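The values are calculated or read from the model by the stated rules, or taken from the named source; none is laboratory data. All values derive from a computational prediction rather than experimental measurement. Positions of Cβ are backbone-derived with ideal geometry, glycine not excepted, and every protein chain shown enters the neighbour counts. Each accessible area value is taken on the protein alone, full model and side chains, heavy atoms only, with ligands, DNA and RNA left out. Shrake-Rupley method; radii C 1.70, N 1.55, O 1.52, S 1.80 Å.
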Amino acid sequence: ILFSDIRSFTSISEKLTAEETFQYINSYLDAMGPHVMNNEGFVDKYIGDAIMAIFPKPINAVKASIDMLNALHVFNKSQELKGFKRNSIGIGIHSGSLILGIVGSELRVQGTVISDAVNLASRLEGLTKVYGATCLISEYALKQIDDKSPFYHSLVDNVIVKGKEKPVDIFEILNGTSQRIINLKLSTREIFESGIQAARSRDFEKAASIFQKVLVIDYADKAARIHYERSLYYAEHGVPPDWSGETQMLEK
């Protein structure tokens, strides 16, 4: 399951008329939709500017996300000529069993997918804003990709999203972002992951020191800053006895 959403679309739409908003959304969806189908997926639904798509395998969803990000670059260039600012999107990918069927009443029905996995994919899309990422994928989906070598990816955190009880490792897919960002993230990936391991071992002073090194190299790394500030807090205040490294997300 793949969820994508335009960041800060409200700030874009408030400057447009209702008709212009429809035109903008439709031109955006025209640019994104083909990349779902070209990767053996189908669009389950459009939710305003958001897209929910289903794929046979996680690798198809990851390829589609990269194609969508590349298409977004072209779309932004065309919109800049019309006076619009560049926009960015967040993408969440998760894998799990689901049921595709019909819901509704006698007055109206529609096809939809019902699954616990759908909720987590949606939550991951929301977490892209928290961690400053473009595309987040769950450990369950990533493990199903046998050959990961074409995809630059890095561990971000271990989270319990709102409404869930079990923690899940989440990873950032870097493909589709600028080469500058890819190079920065790859240059700090090993340091970053060693910081996470130090934190999971409850050596928070060491973890804070490691994440500080990441921030010296990449000051704009939002995930590293979250881990740095969290490690400082835990070093001073401690953690619950049953804590095992997870982060509880209280917001969607």
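Here are the numbers:
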{"item": "Kirkwood Rh and Cα Rg combined as Rg/Rh, region 152-250", "result": "0.98"}
{"item": "Probe 1.4 Å, all protein chains present, accessible-area order of 77, 166, 185, largest first", "result": "166, 77, 185"}
{"item": "Förster radius 30 Å - calculated FRET efficiency between residue 222 and residue 78, Cβ distance, rounded to 0.05", "result": "0.60"}
{"item": "For region 16-59, alpha-carbon Rg relative to the globular expectation (2.2 N^0.38 Å, N residues)", "result": "1.31"}
{"item": "Accessible area of residue 152 in the full protein assembly, 1.4 Å probe (Å², nearest 10)", "result": "90 Å²"}
{"item": "Contact order normalised by residue count of the chain, Cα under 8 Å, 6+ apart, percent", "result": "16 percent"}
{"item": "Viscosity 1.306 mPa s, 10 °C: Kirkwood-radius Stokes-Einstein D of region 85-213 over Cα pairs, µm²/s", "result": "95 µm²/s"}
{"item": "Cross-link reach list, aspartates and glutamates versus residue 15, counting only Cα pairs under 20 Å and skipping chain neighbours closer than eight places", "result": "5, 49, 80"}
{"item": "Per residue convex hull volume, Cα atoms of region 77-122, in Å³", "result": "138 Å³"}
{"item": "Area of residue 37 that stays accessible when all protein chains are in place (1.4 Å probe, Å², to 10)", "result": "130 Å²"}
{"item": "Kirkwood Rh and Cα Rg combined as Rg/Rh, the chain", "result": "0.99"}
{"item": "Accessible area (Å², 1.4 Å probe, nearest 10) - residue 237", "result": "110 Å²"}
{"item": "Region 154-194: radius of gyration over Cα atoms, expressed as a fraction of 2.2 N^0.38 Å", "result": "1.41"}
{"item": "Spread of Cα-to-Cα distances over 5 Å intervals beginning at zero, given as percent, for region 37-155", "result": "2, 10, 18, 22, 19, 13, 8, 5, 2, 0"}
{"item": "Protection proxy ranking, peptides 10-18, 102-110, average beta carbon neighbours within 10 Å, highest first", "result": "10-18, 102-110"}
{"item": "Cross-link pairs beyond the 19 Å C-alpha cut-off, checked among 63/129; 57/143; 77/148", "result": "63/129; 77/148"}
